[in-house]
Amino acid sequence: MSNVPSATTLPPPDTTAPAAVTNLAAGSPTTDGIRLSWTAVGDDGLAGRAAAYDIRYATSAITGATWGSATQVPNEPAPATAGQAQVFTVSGLVPGTVYHFAMKVGDEIPNWGDLSNRASAETLPPDTVPPESITTLDAVGSTPSSITLAWIAVGDDGTAGQASVYDLRLSTSPITTENWGSATQVAGEPSPQMPGAAESFVAGDLLPDERYFFAIKVRDEAMNWSEISNSATAKTQ
């Protein structure tokens, strides 16, 4: 009789799927994004760490029957260890639209868990309100090569919120809405402060004994521009 080798068969294949997420929530909307939050489940039921998420959204309720036609979210996060809180922001959405979300969890086989609870939220409507125009622009000092300007900051939407960008321009003739495009934009404009804050800026590299006119516009993050400000003027020394 030969020698007697022995071996152990492999364990049964992993057929236990991750548990379904039951506390998916949607909130903190912006014009193009909604933040999702949930508690991570496990690899096998509620134990371990799962391998993948499949998060989907639609503009109507997601069910088992409509899951396949829902849009899968790109760049889903990796699952955390069971019991940990997770958050993820779905971006690239349409403003002013109600979105419905659901997710499934997969392990390394992959076994996919059941459909999660459903969550929904509405993105904010598009921002069409421009910042208020500045009415306090003033020239408050000069040197042979510079003029100091001062004004009071306005808001993102009218006088509310913080605006994003200033466009400050100068010319040797009065600046109006009609000739705004031909005025010279000043380099290095400051960032807008909160509404009501006093701001100042030194426009340099100017010619001596020359009269300059200044005006400014304000932009928000949605690319809404204010009307032109009042005009300020001063002469370099």
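The values are calculated or read from the model by the stated rules, or taken from the named source; none is laboratory data. For clarity, every value in this text was computed on a predicted model and none was experimentally measured. Cβ sites come from the backbone with ideal geometry, for glycine too, and all protein chains shown count toward neighbours. Calculation scope for accessible area: heavy atoms of the full protein, side chains included, ligands and nucleic acids excluded. Shrake-Rupley method; radii C 1.70, N 1.55, O 1.52, S 1.80 Å.
What is the one condition in (1) in contact with a Phe, Trp or Tyr (Cβ under 7 Å, 6 or more places away or on another chain); (2) closer than 11 Å to ALA102 by Cα that ILE34 does not satisfy?
Here ILE34 clears every test but (2).
Six or more apart or on different chains, Cβ under 6 Å: which pairs go from a residue in segment 212-228 that's of a type outside the set (Phe, Trp, Tyr) to one that's open to solvent by 50 Å² or more (accessible area, probe 1.4 Å)? Could you list them?
So the pair list comes out as ALA215/SER231; LYS217/TRP225; ARG219/TRP225; ASN224/PRO130; SER226/PRO130; ILE228/THR177.
Restricting attention to segment 202-228, which residues are open to solvent by less than 30 Å² (accessible area, probe 1.4 Å) and over 28 Å from the mean Cα position of the chain (by Cα)?
ALA203, LEU206, TYR212, PHE214, ALA215
Counting only residues that are surrounded by 20 or more Cβ atoms within 10 Å (Cβ to Cβ) and in contact (Cβ under 8 Å) with a residue 24 or more places away in the chain, give me the strands (runs of 3 or more DSSP E) lying completely in segment 27-122 with at least 3 of them.
Passing ranges, in order: 33-39, 52-58, 98-106.
All but one of (1) touching an Asp or Glu at 6+ places or on another chain (Cβ under 8 Å); (2) without any contact (Cβ under 8 Å) to a residue 60 or more places away in the chain hold for ALA187; state the number of the condition that does not hold.
Single failed check for ALA187: (1).
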